[in-house]
Amino acid sequence: MPALDAYARARLEALERERLLRRPVTTVRQTGTKVVRDGRTLISFSCNDYLGLTHHPKVIEAAKRGLEEQGAGAGASRLVTGNSPNYEVLETRLARFKGTEAACVFGSGYLANLGIIQALVSRRDAVIADKLVHACLLDGARLSGARVFRFSHNDLNVLENILIKNKNKYEKTLILVDGVYSMDGDLAPLPELVSLARAYDAWLLSDDAHGLGVLGRGRGSSYAFDPPAKPDLQMGTLSKALGTYGGYVCASNPVINYLKSAARSLIYSTALPPSVLASALAALDIIEAEPDRVARPVKLARQFTTLLGLPEARSPIVPLILGDAETALAASRELEEEGFLVSAIRPPTVPPNTARLRFTFSAEHEENDIERLASLIRAKGWGNA
Ligand SMILES: *Cc1c(COP(=O)(O)O)cnc(C)c1O
């Protein structure tokens, strides 16, 4: 058996060879879009703080009040003594906003997906996931022990074939999709997915991490459709457009009540700090009160795709696919030299040979930032631009 350090060293070398070694870089976020790295100020197109709420004075003020009145931490799991009063307020608000009976807040989006999936399906069940769903949905599926099937991205025919082939073979079937695909920025065809799930007696979980606050007047990707789609389970995060931290799922009363007793990531993990819940509530207030702020990230993403002749943005996420990891890393470095922070996304986060620059747009960006960025990319002649 190799010694632990030797094993880790060999793995590091292999990752380095494949250009897949990852190193967090210390970065100070000064505003919604300005960050400081290695002493240089950069305009970030890599944050998921779509509405600039992480630095919004009302959000900060709410957090401060929560901190002063209720302390720095929750002290225990929600099921012990950590269920501070704002949980109920926030869950009621989220359910109302998303048009469901109830909601449950989790420690993070990742923990939400682990908990939801593991509580709802097990070894006698099937999970059918889009090829491009977020890693934490797959981790939840693996943890559940259910048989996992994948269907090609947004391909309803392939999904239906899997449903037909496996009809009656499993006790329950759970379909997993992202409302907005986090590395591609496109949407799941939710109305059709809801119909398919109904027709084959399956349940549908839509991960709306990148929809809440920016699509459907802020209510998320389900509301990007008319009439709105109604997946059985609409999960999301408080850590992107809401600018704070935490995850949630909106569903019917019985489903939410069951999850509160069965989701292990909720039961066996400390509750969120009260200040975080308070800031999430302040963020929701802003989202409900300021439709122009909510509409702006997608508007700016569209300005960018128009300037570069790319397919029209459907969300605040725009990929520019460059191919291999080294090319994407080099492009990211060149943009950094010009004052822009744009992350290179490499496998295994995205499929092999689709390494890319991933741009995210914030309400706090200015039109001329977008113009400068687009003309720089055009001058470099990258990708399909
Ligand atoms: C970010 C993200 C998550 C995880 O949410 P966190 O709150 O950051 O843990 C889950 N799903 C998708 C699609 C995401 O983009």
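Looking at the chain, what % of its DSSP beta bridges pair antiparallel, to the nearest 5? Each step should come with its number before you reach the end.
Working: 26 of 45 bridges.
In the chain, approximately 60 percent of DSSP beta bridges are antiparallel ones.
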Worksheet entry | Long-range HN-HN contacts of Phe340 with modeled amide H, under 5 Å | Ile43
Worksheet item: Per residue, how much space in cubic angstrom lies within the convex hull of the C-alpha atoms of the stretch 246-385?
Response: 176
Response to the item:
Under the Karplus relation with 6.51, -1.76 and 1.60 and θ = phi - 60°, whole-Hz ³J(HN,Hα) for the stretch 174-189, x at Gly and Pro, equal 10, 9, 10, 9, 9, x, 10, 7, 5, 9, 10, x, 8, 9, 7, x
Item to complete: Mind jotting down the distance between the C-alpha centroids of the stretch 183-250 and the stretch 1-74, whole Å?
Response: 25
Practice prompt. Amide H neighbours of Trp203 under 5 Å, at least 5 residues apart or on other chains, H built in the peptide plane: list them.
Written response: Thr173, Leu174, Ile175
Worksheet item: Between rounded, prolate and oblate, where does the stretch 119-229 land on the alpha carbon gyration tensor, with a ≥ b ≥ c its root eigenvalues, rounded for a/c under 1.5, else prolate if a/b exceeds b/c?
Response: prolate
Fill in: Isotropic mean projected area of the C-alpha convex hull, the stretch 62-172 (nm²)
9.3
Practice prompt. Compute the relative contact order of the stretch 276-317 as a whole-number percentage, counting only Cα pairs closer than 8 Å that sit 6 or more residues apart in sequence.
Written response: 30
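Determine the alpha carbon to alpha carbon distance for each of Lys131/Lys169; Lys34/Lys240; Lys98/Lys240 and list only those over 19 Å.
Lys131/Lys169
Only counting other Cβ atoms within 10 Å, I'd like His134, His55 sorted with the fewest neighbours first.
Details: His134 23, His55 16.
Least to most surrounded, the residues fall as His55, His134.
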Worksheet, complete the sentence: Computed from every Cα-Cα pair in the stretch 221-280, P(r) in 10 Å bins starting at 0 and rounded to whole percents is 19, 41, 35, 6
Worksheet, complete the sentence: Taking every alpha carbon pair in the stretch 325-379 and sorting the distances into 10 angstrom bins from 0 up to the bin holding the longest one, the percent per bin comes out as 23, 50, 25, 2
Item to complete: Enter the mean projected area of the convex hull around the alpha-carbon atoms of the chain, in nm², rounded to one decimal.
Response: 20.7
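Using Cα-Cα distances under 8 Å and only pairs 6 or more residues apart, what relative contact order does the stretch 239-385 have, in percent?
Values: 161 pairs, mean separation 31.3, N = 147.
That works out to 21 percent.
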Discussion item. 5 Å is the cut-off here: which amide hydrogens, built 1.01 Å from N in the peptide plane, fall below it relative to Leu21, excluding neighbours closer than 5 in sequence?
Written reply: Glu16
Discussion item. Report the rotationally averaged projected area of the stretch 43-125 based on its alpha-carbon convex hull, in square nanometres.
Written reply: 8.6
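A short reminder: the numbers here are calculations on the coordinates, not readings from a lab. The structure presented is a predicted model; accordingly, all values stated were derived computationally and were not measured. Methodologically, a virtual Cβ is constructed for each residue, glycine included, from the backbone with ideal geometry; neighbour enumeration extends over all protein chains shown.
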